[in-house]
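Structure record follows, encoded as structure tokens.
The values are calculated or read from the model by the stated rules, or taken from the named source; none is laboratory data. Remember, it's a predicted structure, so these values are computed and weren't measured experimentally. With ideal geometry, Cβ positions are generated from the backbone for all residues, glycine too; neighbour counts draw on all protein chains shown. These accessible areas exclude ligands, DNA and RNA; they are computed on the full protein's heavy atoms, side chains included. Shrake-Rupley method; radii C 1.70, N 1.55, O 1.52, S 1.80 Å.
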Amino acid sequence: MTTLPTGGHCLPPLLHDLLPSRPVSGPVGAVLLRVQHVLDTCIAPTAVQRDRTGGYPHQAIAALKPTGILALAVPAEWGGMGMGQDLSLELMLRLAVADPAVAQIYKVHDDLLREIFAYAPAGLKAELGARIVSDHIILGMAVAENGRTADSFLQTLAQPGPEGTHFISGRKIYATGASGADLVAVSSFDPVAAQKAGSVRAGVRMDLVPRNTPGLAFHHDWNRMGQRATDSGTVTLDRVRVADRWNALLPDADLPRHVALRFQAGFSAILTGIGIGAVRAVCAFVPRQARPWGAAGVESADQDPYVRRLLGEIGADLFGAYCAVMAAGRMLDQYEQGQVSRNAVAMAASAARSVATRAGLRAASDAPAAAGARGTDAANAFDRYWRDARTISLHDPVDWKNAEIGRHLLTGWVPEPGLYQ
């Protein structure tokens with residue numbers, strides 16, 4: 001474990017008193033404080049370089065592992081911290097302020113753990129929980145496939161092998177965090193099992209595969225304009241042998257109905273964090289380096305009333321986004337406790353995604369206007385905020401979230417659980 005920083009038991013303010021410090025307590029709070037210390041001293045100062053070079057952020061993840069961050073989402077009954085959704089989203093947001101790529105890699109780990117521990121067999125839960133707590137292993141994801149539509153799956157096939165094994169072959173895209181993960185969650189389809197059971201669902205698998213397994217190849221071909229250090233490229237599997245005891249998704253497992261909602265809330269947290277990061281960078285630059293506009297008649301750019309108005313409007317938008325994200329997190333916790341309906345969470349998650357997308361993109365695009373032409377120097381790397389926000393915002397269309405809210409308001413429609421709603 002890294003040393004706990006001094007200075008109380010509050011996470012530091014995100015935007016002065018607009019988004020002030022947040023009290024934390026207990027073992028979870030101690031981990032969050034250690035994480036914040038690593039973010040401030042190690043990860044944030046090196047984020048620009050990772051954006052420029054791309055590739056998996058091995059050093060950043062290695063710095064985070066000793067804090068205990070990877071056990072936060074493991075349920076307490078399996079040896080973890082059992083951190084709630086509200087603090088989980090706060091953590092993703094703060095990671096995104098420092099480095100959105102690192103935030104997305106952690107998000108995949110957090111999402112997978114919460115899903116797997118909901119339906120995996122007890123034996124796998126016990127072994128996985130123990131390894132995460134003692135060895136600080138991190139999970140990556142190889143699920144998406146290059147079908148005609150974004151929700152096309154079942155092209156990666158699992159063939160029964162010798163007793164208690166399968167061989168998996170196929171190709172995955174958008175494999176965030178996979179290339180540096182200790183275990184890669186790989187979805188596949190076993191047509192033999194599906195035929196025997198007379199159900200497509202019975203053939204769907206989710207295997208946890210060690211990164212160095214023969215036949216598992218990472219192509220490091222991620223070349224997007226943003227989120228460059230997620231290394232979310234192509235993964236191929238050529239008769240990768242997996243032990244069935246590491247298949248987390250048994251045919252009769254009850255699937256959680258709010259996975260997609262939690263997934264969306266995490267994106268909202270990261271988008272909000274990117275916007276906060278952009279405003280913080282610009283607000284640090286303006287008083288020291290920006291030149292005031294002559295007609296303003298002021299001594300420094302931070303005294304310009306239009307600069308103040310611009311950053312104030314953006315800050316207000318981010319305040320709204322932050323509140324929406326945290327409300328969605330609380331609703332997710334309440335849903336898991338049986339206190340609210342799934343549709344109430346769906347509306348909260350969609351609203352947070354809508355507000356956070358607008359606020360994050362506007363902050364990343366417009367806040368640098370306050371810095372003036374000097375702010376465009378490549379050394380400042382202000383462009384990375386927009387590139388990261390625009391890239392992550394396109395994971396699925398926010399217009400569909402707005403349409404779902406509108407349809408519900410107009411007709412009372414309730415979305416069925418699905419991959420994206």
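Summary of values
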| quantity | calculated |
| --- | --- |
| Heavy-atom accessible area order for Phe285, Phe189, largest first, 1.4 Å probe | Phe189, Phe285 |
| Between the range 284-310 and the range 350-373, the Cα center-to-center distance that results, in Å | 20 |
| Packing rank of 201-212, 126-137, 225-236, where each peptide gets the mean count of other beta carbons within 10 Å, highest leading | 225-236, 201-212, 126-137 |
| Rounded to the nearest 20 debye, dipole of the range 120-239 from Cβ charges on Lys, Arg, Asp, Glu | 240 |
| Cα centre as origin, Lys/Arg/Asp/Glu Cβ charges: the range 378-421 dipole, Debye | 140 |
| Solvent accessible area, Å² - Cys10, 1.4 Å probe, full protein context | 60 |
| Cα centre as origin, Lys/Arg/Asp/Glu Cβ charges: the chain dipole, Debye | 440 |
| Farthest toward positive dipole pole in the chain [+1 Lys/Arg, -1 Asp/Glu at C-beta], among Val340, Gly26, Phe285 | Phe285 |
| Listed residue (His220, Ser199, Gly147) projecting farthest to the positive dipole end of the chain, Cβ model | His220 |
| The chain, relative contact order in percent, only Cα pairs under 8 angstrom and at least six apart counted | 16 |
| Prolate/oblate/rounded call for the range 1-148, Cα gyration tensor, a/c under 1.5 rounded | oblate |
| Where the range 262-342 is the region considered: accessible area per residue in Å², 1.4 Å probe | 46 |
| Å² of accessible area per residue within the range 29-118, as computed with a 1.4 Å probe and no ligands counted | 28 |
| Centroid-to-centroid separation of the range 150-195 and the range 207-229 [C-alpha atoms, Å] | 14 |
| Helix 259-289 vs. the chain, principal-axis angle (Cα, 0 to 90°, nearest 10) | 30 |
| Contact order normalised by residue count of the range 114-270, Cα under 8 Å, 6+ apart, percent | 27 |
| Sequence of Leu39, Leu311 when ordered by accessible area, the most exposed leading, probe 1.4 angstrom | Leu311, Leu39 |
| Relative contact order of the range 188-292, pairs being alpha-carbon contacts under 8 Å that are 6 or more residues apart, as % | 23 |
